[in-house]
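Here's the structure we're looking at; comments come further down.
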Amino acid sequence: MRVKSAKFVISNSEISKCPQSSIPEYAFIGRSNVGKSSLINSLCNKKKLAKTSSRPGKTQLINHFLINENWYLVDLPGYGYARVSKTQKKIFQTFITKYFKYRTQLVNAFLLVDIRHEPQSIDLKFMEWLGENLIPFSIVFTKADKLNTKSIEKNINDYKSKMLISNWEEIPPVFITSAQNKSGSKEILSYINQLNIDYFNKISN
Ligand code: GTP
Ligand code: MG
């Protein structure tokens with residue numbers, strides 16, 4: 001699938017103010033600074049669609065981007081950023097939780113993890129929470145341009161075996177990406193395309 005148009009629609013902190021329609025959507029979540037906003041820009045071939053920063057804590061709201069007039073990409077604030085105040089963390093946590101629990105248009109969450117790091121307990125806990133709440137998700141490894149092929153392979157295998165140890169019978173779909181050299185973008189877009197087809201078939205029946 002090609003992204004022919006990508007438009008910013010709305011930013012907010014309340015799910016009641018998110019676009020009201022049955023258009024399918026895909027949310028990007030993960031630790032602050034993992035590269036959520038950058039990957040959205042890379043998928044859309046637009047450098048400044050979602051705001052990015054080398055400093056963690058840039059995205060602070062739920063941001064909807066309409067793609068090909070047909071589906072949404074959703075950029076969310078990151079979790080696990082130590083320098084955000086406790087009150088701010090609580091606010092993020094509340095609206096992110098509400099977003100995932102009540103946003104029925106959400107087809108799949110893409111959970112981003114930095115390919116250079118070992119599995120972090122905050123990510124594993126979040127995956128568990130998604131699983132408990134029956135929210136489909138995929139794992140997206142980011143910043144693959146920073147490692148060679150051998151290390152990429154090793155880190156992914158380590159990640160998968162840690163996940164299997166921590167209660168997962170099956171590993172969700174995995175993508176290896178770089179917002180810098182755009183690797184993995186095609187695979188994510190064709191996965192979304194397939195999910196869109198299934199979604200539209202389901203609602204038309
Ligand atoms: P928050 O909004 O703060 O939660 O962060 P985020 O997850 O949206 O991260 P963002 O896209 O703002 O990127 C954080 C930093 O990582 C920026 O300096 C990006 O340029 C850099 N970055 C993101 N993706 C990649 C990548 O694939 N490769 C490299 N080398 N750097 C990346
Ligand atoms: Mg961001």
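Values in this text are rule-based calculations from the coordinates and carry no lab data. Because the structure is a prediction, the values reported are computed rather than measured. In this analysis, Cβ positions are derived from the backbone assuming ideal geometry, glycine residues included, and neighbour counts consider all displayed protein chains.
For the stretch 100-205, run through the chymotrypsin sites (Phe, Trp or Tyr not before Pro) and keep only the ones in DSSP coil with at most 16 other Cβ atoms within 10 Å of their Cβ.
Details: sites: 100, 102, 110, 126, 129, 137, 141, 159, 168, 175, 191, 199, 200; in loops: 168.
Qualifying residues, ordered by number: 168.
Rg ratio for the stretch 6-204: its Cα radius of gyration over 2.2 N^0.38 Å, N being its residue count, equals 0.97.
Go through the stretch 99-184 and name the GluC sites (Glu not before Pro) that are in a DSSP coil and have 14 or fewer other Cβ atoms within 10 Å of their Cβ. List each step's numbers first, then the result.
On the way: sites: 128, 132, 153, 169, 170; in loops: 169, 170.
Sites meeting the loop and neighbour criteria: 169, 170.
Here the dipole of the chain is about 960 debye; that uses its Cα centre as origin and unit charges on the Cβ of Lys and Arg (positive) and Asp and Glu (negative). Report summary: the helix-based calculation at 222 nm, which adds -39500 (n - 2.57) for every DSSP H run with n ≥ 4 and divides by the residues of the chain, gives -12000 deg cm²/dmol.
Taking the centroid of alpha carbons for each part, the stretch 23-39 and the stretch 141-173 are 18 Å apart.
Ranking 130, 166, 53 by how far each Cα lies toward the positive end of the dipole of the stretch 6-204 (charges on Cβ) leaves 53 at the top. Scanning the chain for DSSP H helices at least 27 Å long along the axis (C-alpha atoms) with a Kyte-Doolittle mean no lower than -1.0 picks out 185-204. Based on Cα contacts under 8 Å between residues 6+ apart, the stretch 6-204 shows a relative contact order of 22 percent.
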